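Only one structure is covered here, and it is reproduced in the block below.
The values are calculated or read from the model by the stated rules, or taken from the named source; none is laboratory data. Keep in mind the model is a prediction, meaning the values are calculated, not measured. Neighbour counts run over all protein chains shown; Cβ positions are idealised from the backbone, glycine included. Just the protein is used for accessible areas: all its heavy atoms, side chains included, with ligands, DNA and RNA removed. Shrake-Rupley method; radii C 1.70, N 1.55, O 1.52, S 1.80 Å.
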Amino acid sequence: MLRALALRRSLPSLHPHRHLNSTSTVPTIPKHSLKSTSARPFCTSTPASTPASEAELRKYLGYAALLLFCGAATYYSFPFPENAKHKKAQFFRYAPLPDDLHTVSNWSGTHEVQTRVFHQPENIRQLENVVKEAHEKKTRIRPVGSGLSPNGIGLSRAGMVNLALMDRVLEVDKEKKTVRVEAGIRVQQLVDGIKDYGLTLQNFASIREQQIGGIVQVGAHGTGARLPPIDEQVISMKLVTPAKGTIDVSKEKNPELFYLARCGLGALGVVAEVTIQCVERQELVEHTTVSNVKEIKKNHKKLLAENKHVKYLYIPYTDTVVVVACNPVSKWKGPQKFKPRYSKDEAIQHFRDLYRESLEKYGKIKNESPENDEPDLKELSFTELRDKLLALDPLNKDHVIKVNQAEAEFWRKSEGYRVGWSDEILGFDCGGQQWVSETCFPAGTLANPSMKDLEFIEDLKQLIEKEAIPAPAPIEQRWTARSRSAMSPASSPVEDDIFSWVGIIMYLPTMDARQRKEITEEFFHYRHVTQAQLWDKYSAYEHWAKIEIPKDNEELTALQARLRKRFPVDAYNKARRELDPNRILSNNKLEKLFP
């Protein structure tokens, strides 16, 4: 019976499509079913006759048999999910949940919490009341955005506050090109809301579903050596703080706090409103080419200097480098005219063929003909096919190399141009659920790049091959200008400094608990050797939305020491003590990063 109560129920994510505004409930077990059977009080007495002693013995043996029978009956009748056998039993920790308990997970399903406290205020007055009450009661309400951060930085079992219902565009100044919005508005909502004014954001991350408050607070970024991270676009904020109420900060009003709170990780106040410096809406032409490391070294400085947006996608175990450059469409020449050599269907065909071959190799099909499978394959995108291929044997290096080679072939057949608005062009299909580690490090200046960014990649690829890591594609490399936000990984006082951001990944293409666990262990080995060999050498620091807390105390102490070298931790903690003395906006992750 104890084992039956110990195993965790399988709960759906609150946002299987990256949306977070719903709750999950699980039926409760009546209280009487959790009570254990009680035996009669045991009394001392004088020695009895032999038949009486035998009767007592039979009675207690009967009780024991009854308990064993109940336990066995519960074990075999309880509706466990199929993957429950892979989960480690922990007594009562994952007992059936009450109706008022919300399950909140990040998009990748790598971090999940249950909480009874999940606030969703509809306006700033309600938000102020929520923060004030939590401050008085000393109960945590960690700000959580769209739940997209790979490390679940916004999650807290104690309680959360989400601003999804505070999503209005409040004011647009077309002349100054600024917009004031509620912090719960999603990026795509904001872009759609201001396009009629001829405005848009300076830059975009890979997706558009982040809340503005969240994407700013973790120091998210797009790509372009002249363009800073997204927090640098913020020119003023309204913070709802536990100790000092609602305060306005900007570079004119309380500049020290402003530059600290712009990338404040949600711990200095709940960001309620944000004023953003925008730019004129414009069409971009995206040019995708396939190169190699030798050619990249020769043309790197030119690529950074001449393109408004540029990123490299490296394919492990190959010499392939995919270069994606984006620039405004010429007002005089118009978009580049280009007829692709291959159709989209032809570009992806190699992936389909490899998938069929792999299905046969791994015995996944018996008497099915390829023709029967063709309609389903044609409906799958490139990233969906990659997920299915990797799921067949995700930790087999030779299998992963074949998938990577197929991806290189896909990109070779996908070279060409694409034209669209910036919010359409600058996105990137990242694939399915995944573990991610992304680091940021200095790369010289735009006028004089240090080339350390390319050296980092060379060392990383050699490390992957030396350790025989089943590393899937791509390794993504992007660039930004500096940020003046003190807690940004790209923070610098030098205006011309540029920074390189490099992301490594491992996909989670299956829901099988044992396989996900094995992939997770391999990913953390991948991340660990990268950290040990490269981070200190290149002064690299992880993206706040992707940093993971070490379980080992010595490693945690070393991480805390590294952060103190790079960031103004004392000033940050001082501001937290002043604005949130009861730590109601914190969670266990922040407490360990900044003790």
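Within region 402-437, the set of residues being closer than 30 Å to Val329 by Cβ and charged (D, E, K, R) comprises Glu407, Glu409, Arg412, Lys413, Glu415, Arg418, Asp423, Glu424, Asp429.
Scanning region 532-563 for residues that are without any contact (Cβ under 8 Å) to a residue 40 or more places away in the chain and of a type outside the set (A, V, I, L, M) yields Asp536, Pro550, Lys551, Asp552, Asn553, Glu554, Glu555, Thr557, Gln560, Arg562. Among the conditions (1) open to solvent by 40 Å² or more (accessible area, probe 1.4 Å); (2) in contact (Cβ under 8 Å) with a residue 60 or more places away in the chain, Ser483 misses just one, which is (1).
Let's see how each residue does on (1) assigned to a strand (DSSP E or B); (2) assigned by the TED database to the domain that holds Arg140; (3) not charged (D, E, K, R):
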| residue | (1), (2), (3) |
| --- | --- |
| Lys253 | no, no, no |
| Phe258 | no, no, yes |
| Cys263 | no, no, yes |
| Thr275 | yes, no, yes |
| Ile296 | no, no, yes |
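Yes or no: region 567-579 includes at least one residue that is over 22 Å from Gly147 (Cβ atoms), surrounded by fewer than 18 Cβ atoms within 10 Å (Cβ to Cβ) and at pLDDT below 95. No, region 567-579 contains no residue that is over 22 Å from Gly147 (Cβ atoms), surrounded by fewer than 18 Cβ atoms within 10 Å (Cβ to Cβ) and at pLDDT below 95.
Among the residues of region 510-517, are any surrounded by 17 or more Cβ atoms within 10 Å (Cβ to Cβ), in the same structural domain as Gly444 (by the TED database) and touching a Phe, Trp or Tyr at 6+ places or on another chain (Cβ under 9 Å)? No, every residue in region 510-517 fails to be surrounded by 17 or more Cβ atoms within 10 Å (Cβ to Cβ), in the same structural domain as Gly444 (by the TED database) and touching a Phe, Trp or Tyr at 6+ places or on another chain (Cβ under 9 Å). Of the residues in region 409-441, how many are modelled with pLDDT of 90 or more, small (Gly, Ala, Ser) and surrounded by 22 or more Cβ atoms within 10 Å (Cβ to Cβ)? Matching residues across region 409-441 total 1.
Here's the yes/no breakdown for (1) out of contact with any Pro (no Cβ under 8 Å at 6 or more places or on another chain); (2) outside the structural domain of Phe499 (by the TED database); (3) not polar (S, T, N, Q):
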site	(1), (2), (3)
Ile153	yes, yes, yes
Ala158	yes, yes, yes
Ile185	yes, yes, yes
Val191	yes, yes, yes
Leu199	yes, yes, yes
Ser206	yes, yes, no
Gly213	no, yes, yes
Ala220	no, yes, yes
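Consider only pairs whose beta carbons are under 7 Å apart and that are at least six residues apart or on different chains; among these, list those whose first residue lies in region 103-119 and is open to solvent by 40 Å² or more (accessible area, probe 1.4 Å) and whose second residue is acidic (Asp, Glu). Hits for this filter: Arg116/Asp100.
Just the residues that are closer than 15 Å to Thr139 by Cβ and under 24 Å from the mean Cα position of the chain (by Cα), please, taken from region 557-587.
Here is the first cut: in region 557-587, the residues closer than 15 Å to Thr139 by Cβ are 580-587.
Matches in region 557-587: Arg583, Ile584, Leu585, Ser586, Asn587.
Among residues of region 290-303 that are over 19 Å from Asn448 (Cα atoms), those with a Cβ under 7 angstrom from a residue that is in a helix (DSSP H, G or I), sequence gap 6+ or separate chain, pair up as Val290/Trp411; Val290/Arg412.
For region 131-158, how many residues meet the condition of being under 21 Å from Ile185 (Cα atoms) and touching a strand residue (DSSP E or B) at 6+ places or on another chain (Cβ under 8 Å)?
We begin by selecting, within region 131-158, every residue under 21 Å from Ile185 (Cα atoms); these are 131, 141-150, 152-155.
Then keep just the ones that are touching a strand residue (DSSP E or B) at 6+ places or on another chain (Cβ under 8 Å); that gives 131, 141-147, 150, 152, 154-155.
So the answer is 12.
Gly198 satisfies every condition listed in (1) open to solvent by 10 Å² or more (accessible area, probe 1.4 Å); (2) out of contact with any Lys or Arg (no Cβ under 7 Å at 6 or more places or on another chain); (3) on the phi > 0 side of the Ramachandran plot except (2).
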